[in-house]
1. Can you compute the modelled spin-label distance between residue 116 and residue 73, with each label point 7 Å from Cα toward Cβ, in nm?
2. Just the number, please: percent antiparallel of the DSSP beta bridges in segment 2-294, rounded to the nearest 5.
3. Considering only protein heavy atoms and a probe of 1.4 Å, how much of the accessible area of segment 2-294 is carbon and sulfur, as a whole percent?
4. Along the three principal axes, how long is the chain when you take its alpha carbons, biggest first, rounded to the nearest angstrom?
5. Ordering 223, 238 by how much accessible area each has at a 1.4 Å probe, largest first, what is the list?
6. What number comes out for accessible area per residue over the chain if the probe is 1.4 Å? Units Å², please.
7. Percent relative contact order of segment 2-294, based on C-alpha pairs within less than 8 angstrom and at least six residues apart?
8. Given R₀ = 22 Å, FRET efficiency for residue 254-residue 288 by Cβ-Cβ distance, to 0.05?
Amino acid sequence: MRFLILGASAGGGLPQWNCGCRNCVDARNRKIPCSGQSSLAVSLDGQTWSILNASPDIRQQMLDNPQMHPRSLRDTPVTSVLLTNGDIDHIAGLLSLREQTPFSLFATSEILDVLSENRIFDAVNREKVTRHPVALAQDFDLQPGLSARLFAVPGKVPLFMEGNDVRTDLIGEQTVGVRLTGNGKVAYYVPGCADVTDAVLKQLSDADRIFFDGTLWDDDEMIRSGTGIKTGRRMGHIPISGPDGSIVRLQGLRAAKTFIHINNTNPILQPDSPERAFVEQSGWDIAHDGQEISA
Ligand code: MLT
Ligand code: MN
Ligand code: ZN
């Protein structure tokens, strides 16, 4: 399997339009690379691609990566799109894919319901962009020879659907991870995960490669930096650091590990930070836009 990081950032991207944090300022000044919102492309042969989550930046992401360019008049190498939740950073890009070129759209029924309930998505012609509900634990072909299976991870409903009482430990169809198999390899894509439960850990045990939620370095990062009022877990994202963080929880896996969905406040984005050094010493890779990875 070949992976192409279309966007390594969490919602907001790097820099985020309204943010003057150190990382966002450095990205504006091109001291560190800018990065688009959460999206990963996967292919078996480098010709046919599937996109995992359609980010609001998809137009630029497709422009920046020649692998995504049309090969003829009105064409795309992208044959399918898969959504892992209904967050804006994962679905808004569908609106940029509305120009009558066919592809298959895969997601759980609950995530497809989010699209149905928001009429703006009717602009994406259902006759061309066929919507395929997928049950959890059901194998389906994302593209010929590349099989996918969805599994529940702890999470919450999309931000724009939150009520007064928000549960972040929902296990169901609203937030899923993806298991991908092709050419005898197993890869996982989990851009949002509130907690690495024993069930999540067991699920990931056969991985050759994982792409995992690297939103925040620690749970209080946004509060401490003055950029937000919520903890990472309240946003549905387990922190990287700490005894219950993703590095410790996933350290027993033999898989090659890459952090994706990285928030613009995250200190691992600074090349010389001790946090980045720690992540790399722990055997993790930090995704950047345009990066190609094989599994
Ligand atoms: C998240 O991953 O927490 C979401 O992208 C938040 C949002 O929708 O803005
Ligand atoms: Mn997100
Ligand atoms: Zn920022």
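The values are calculated or read from the model by the stated rules, or taken from the named source; none is laboratory data. A quick note: this is a predicted structure, and the numbers were derived from the prediction, not measured. Virtual Cβ from ideal backbone geometry, glycine too; neighbours counted across all protein chains shown. Quick note on the areas: whole protein, heavy atoms, side chains included, nothing else; ligands and nucleic acids left out. Shrake-Rupley method; radii C 1.70, N 1.55, O 1.52, S 1.80 Å.
1. Taking the simple label geometry, residue 116 and residue 73 are separated by 3.8 nm.
2. Taking every DSSP beta bridge with both residues in segment 2-294, the antiparallel ones total about 55 percent.
3. Details: 6390 of 12730 Å².
It is 50 percent, rounded to a whole number.
4. 48, 42, 41
5. Values: 223 75, 238 0 Å².
In descending accessible area the options line up as 223, 238.
6. Per residue, the chain has 43 Å² of solvent-accessible surface.
7. It comes to 19 percent, rounded to a whole number.
8. Calculated value: 0.40.
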